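Everything on this sheet refers to the single structure shown next.
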Amino acid sequence: MSKVSRRNFLKSSVTAAWASGLGGGVAGSLVAAPGGSASGAAKLTPFPAALSIKKGLVFDMLPPSLSYSDRFKMARDVGFDVVQAPTTPDEHTAEEIKNAAAAANIRIDSVMNMDHWKYPLSSDDPEVVEKSLAGMRTSLHNAKLWGSGAVLLVPAVVNPATSYRDAWTRSQKEIRKLIPLAEELKIMIALEEVWNKFLLSPLEMAKYIAEFQSPWIKAWFDVGNVLLYGYPQDWIRTLGKDIVNVHLKDFKRKENGYAWVNLGEGDVDWPAVRQAFAEIGYSGSAIAELAGGDEAYLRDVSRRIDRLLLGRL
């Protein structure tokens, strides 16, 4: 998903749904079934023991009017364990973010690389590619400073100017240039499947990652991004141990289109997703990537993750 679709596009659908009262019952009896209805609450209760997954959110979901310290403190207070922060080129700001997270006793789990859409590694323009590589180097150093384990990278973009084959070969060539730095800093490069017309099946993504033959190239799996062309539980089982980080979103198909919705109100089959994570023994982070909101809204998102994914009933 592009930055626009990740933020502005999500904002109206998710925030409106919560404001209308759809989110208010999650702590009580309203628990979405696989199709997004409340009638399937009983289907979530028979699951085995809670998954050992750290619960997180992207930093942009926190109120921007607050200071860094207050934003991290809010994340901790509403129930999150970790935060994913964006690439931060300014060294003083990066240090401020580090100190604010430490003061709130919350870990910056990972970095959201910010330049891969504007400057894709699959471009045929050397200047564009170098800007993308520079952004990733900054992201990797941010991760080291913040004590994070991974940087999210969208590896390529297929468009009229870039064929699928070229996107594959060009991006692999450039990502290989980043592996020595990732190894030096001990930071994973986690490749995400997004709406970029690239890596459209779990088998393709597994093959793409395997061809690097590097322990520093893994998968960042987004539960919601694959719903147009697949099933998240299938992707989870296929990618298996290659998954090092996870984004949580939900997506609702409609007759006249689609909408990003709050967790449990879309087409994600959460019981199947939870079972798949249990089968592969996933114990990393699950990071909500939704519209931002106030403390009450964020607390509700936290509770939804508890009920739908983590088995904390």
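None of the figures in this text is laboratory data; all of them are computed from the coordinates on show. From a predicted model like this one, the values you see are computed outputs, not experimental measurements. Heads up, the Cβs are rebuilt from the backbone with ideal geometry, glycines too, and the neighbour counts pull from every protein chain shown.
The distance between label points at Lys207 and Asn159 comes to 2.6 nm (points 7 Å beyond Cα on the Cα→Cβ vector).
The listed peptides 122-133, 229-240, ordered by packing as a protection proxy, come out as 229-240, 122-133 (highest mean of other Cβ atoms within 10 Å first). Measure out, as a whole number of angstrom, how far apart the alpha-carbon centroids of the range 268-313 and the range 121-144 sit. Cα centres, the range 268-313 to the range 121-144: 31 Å. Per residue, the average separation of C-alpha pairs within less than 8 Å and at least 6 apart gives the range 94-226 a relative contact order of 24 percent. Charge tally for Val82 (other residues, Cβ to Cβ under 9 Å; Lys, Arg +1; Asp, Glu -1): +1. Tell me the net charge near Gly264. Cut-off is 9 Å between Cβ atoms, Gly264 excluded, with +1 for each Lys or Arg and -1 for each Asp or Glu. That sum, taken over residues with Cβ under 9 Å, equals 0.
From the Kirkwood radius over Cα pairs of the range 100-191, Stokes-Einstein at 4 °C and 1.567 mPa s returns a whole-number translational diffusion coefficient of 95 µm²/s. Relative contact order, whole percent, for the range 213-264 stands at 36, derived from Cα pairs under 8 Å and 6 or more residues apart.
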